[in-house]
Each structure stands twice: as structure tokens, then as C-alpha cells.
Amino acid sequence: MDFLINIFARLGFLKRDLDYHLLRTAMIVIFVWFGYDKWFEAEIRGLIPLIKSGPLIFWTIPVLGIKGTGIFLGTTEWTCATLLFLGFWNKKIGFLGALIACATFVGTFTILPFVPGAWDQDAGGFPAMTIVSSFLLKDLVLLTVSFYLLKQDAGRVIEARNSSSVSQ
């Protein structure tokens, strides 16, 4: 086991901030890709049952319509991706991106208990998942990653503020 750990270390996987940069990059890719899909009506039509079941996002289709919901969600996701990207250089902007990311995944993850067809009735219902519940369950991991980025950026902003006040 020590041999494998030493190889892991020699390959540079223990470098400071590698995990932070990899997770930030992954979230940017996810938000760009998910946001891109929202510009197509077919994508939003496929999400209608999920959106209508969401306790925090159910209002979007009645208020904005299908096309407006797509524009709203796509714009939100691309804005989040942009803020996360800029967060490589500006931690306050990165913090804002991570905060929006947390909000989006709270909004989507809270759909899980309410969406029809989430639990496989032939297997006894909850906790036997269907593709619907497994699709939403990924948002738990994405919420956790978003929270990690939020925490890291907040800590870096505070650290920079404290180091600049000490040097004055």
C-alpha cells in the first residue's frame, strides 16, 4: 500500500489545490454543457415533469413558458459557469459562482421526493430507484462539490483580507 501511495505522491496528485482546480474545472464544463442543452425546446420539454414537481422551480413554466424557462435556466447555468471560471483569478467572483451553483442544485435536488416515477414500484418502491431518481441523485454530489468550492473561495477571500491587513 505504501508503494502505491508513494507513486500517487510522485505523480503530483498531492499538490496543493489540485483537487480544487479539478473540481472547479469539472463544474465549469458541467454548467456550460447543461446550459447549452437548455437552449433547445426538446430538452426543456423532456424536463417538464421534473420542473413541475420541483418545490422551488415549479413556477418557471407557468410564469415564463417553456421557451422562457429554457432561457432562464440556460442563462443561469452559463452565468454560473462564467463566474466559476473567473473564480480562478478572483475568489469573490468564484464565491458568487459557487453560491449560485449551490442554489441550482438545491433547486434540482429538492425535486427528488416529489417527482412521479422516481421509485420503482415493481421493486417495492422507495428506495428502489428508477432512471428519474438516479438522474436527480447526481445533484447531491454536484451540490457537495459546489459547497466545497464555496467554502474554499470564502476561506481564500478571508485569508487574503487578513494577510493584507497584517502587511499594512
Within segment 144-168, the residues that are part of a helix (DSSP H, G or I), open to solvent by 40 Å² or more (accessible area, probe 1.4 Å) and not hydroxyl-bearing (Ser, Thr, Tyr) are Phe147, Lys151, Gln152, Arg156, Ile158, Glu159, Ala160, Arg161, Asn162, Val166
Note on segment 16-34: residues of a type in the set (A, V, I, L, M) and open to solvent by less than 80 Å² (accessible area, probe 1.4 Å) are Leu18, Leu23, Ala26, Met27, Ile28, Val29, Ile30, Val32
Expected output for segment 29-52 (first residue over 18 Å from Thr79 (Cβ atoms), partner polar (S, T, N, Q) and assigned to a helix (DSSP H, G or I), Cβ below 9 Å, 6+ apart or cross-chain) is Leu47/Thr69; Ile48/Thr69; Leu50/Thr108; Ile51/Thr60; Ile51/Thr69
Just wondering, is there one or more residues in segment 65-80 that are out of contact with any Pro (no Cβ under 7 Å at 6 or more places or on another chain), under 22 Å from Tyr148 (Cα atoms) and either hydroxyl-bearing (Ser, Thr, Tyr) or assigned to a loop (DSSP other than H, G, I, E, B) (or both)? yes
*Taking the stated definitions as given, is Leu137 without any contact (Cβ under 8 Å) to a residue 40 or more places away in the chain, in a helix (DSSP H, G or I) and surrounded by 19 or more Cβ atoms within 10 Å (Cβ to Cβ)?*
no
inquiry  = For the structure I just gave you, tell me whether Phe13 is modelled with pLDDT under 90 and open to solvent by 80 Å² or more (accessible area, probe 1.4 Å).
reply    = yes
Taking segment 100-118 and keeping only residues that are within 18 Å of Val32 (Cα to Cα) and open to solvent by 60 Å² or more (accessible area, probe 1.4 Å), one is left with Ala103
Looking across segment 54-99 at residues that are without any contact (Cβ under 8 Å) to a residue 12 or more places away in the chain and either of a type in the set (Ser, Thr, Tyr) or farther than 29 Å from Pro116 by Cα (or both), the single one that is surrounded by the fewest Cβ atoms within 10 Å (Cβ to Cβ) is Trp89
Restricted to segment 119-134 and to residues being without any contact (Cβ under 8 Å) to a residue 12 or more places away in the chain and not in a loop (DSSP other than H, G, I, E, B), the residue least open to solvent (accessible area, probe 1.4 Å) is Ser134
Given the condition surrounded by 15 or more Cβ atoms within 10 Å (Cβ to Cβ), modelled with pLDDT of 95 or more, among the small types (Gly, Ala, Ser) and not in a loop (DSSP other than H, G, I, E, B), answer yes or no: does some residue in segment 35-53 qualify? yes
In the set Leu64, Leu14, the lone residue that is of a type outside the set (Asp, Glu) and under 30 Å from Gln152 (Cα atoms) is Leu14
Just one listed residue, out of Ile30, Ile48, is among the aliphatic types (A, V, I, L, M) and more than 30 Å from Glu159 (Cα to Cα), and it is Ile48
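The values are calculated or read from the model by the stated rules, or taken from the named source; none is laboratory data. Just so we're clear, the structure is a prediction, and the values are computed from it rather than from any experiment. Quick reminder, even Gly has a Cβ in these numbers, built from the backbone with ideal geometry, and neighbours come from all protein chains shown. Surface accessibility is based on the protein's heavy atoms, side chains included, excluding ligands, DNA and RNA. Shrake-Rupley method; radii C 1.70, N 1.55, O 1.52, S 1.80 Å.
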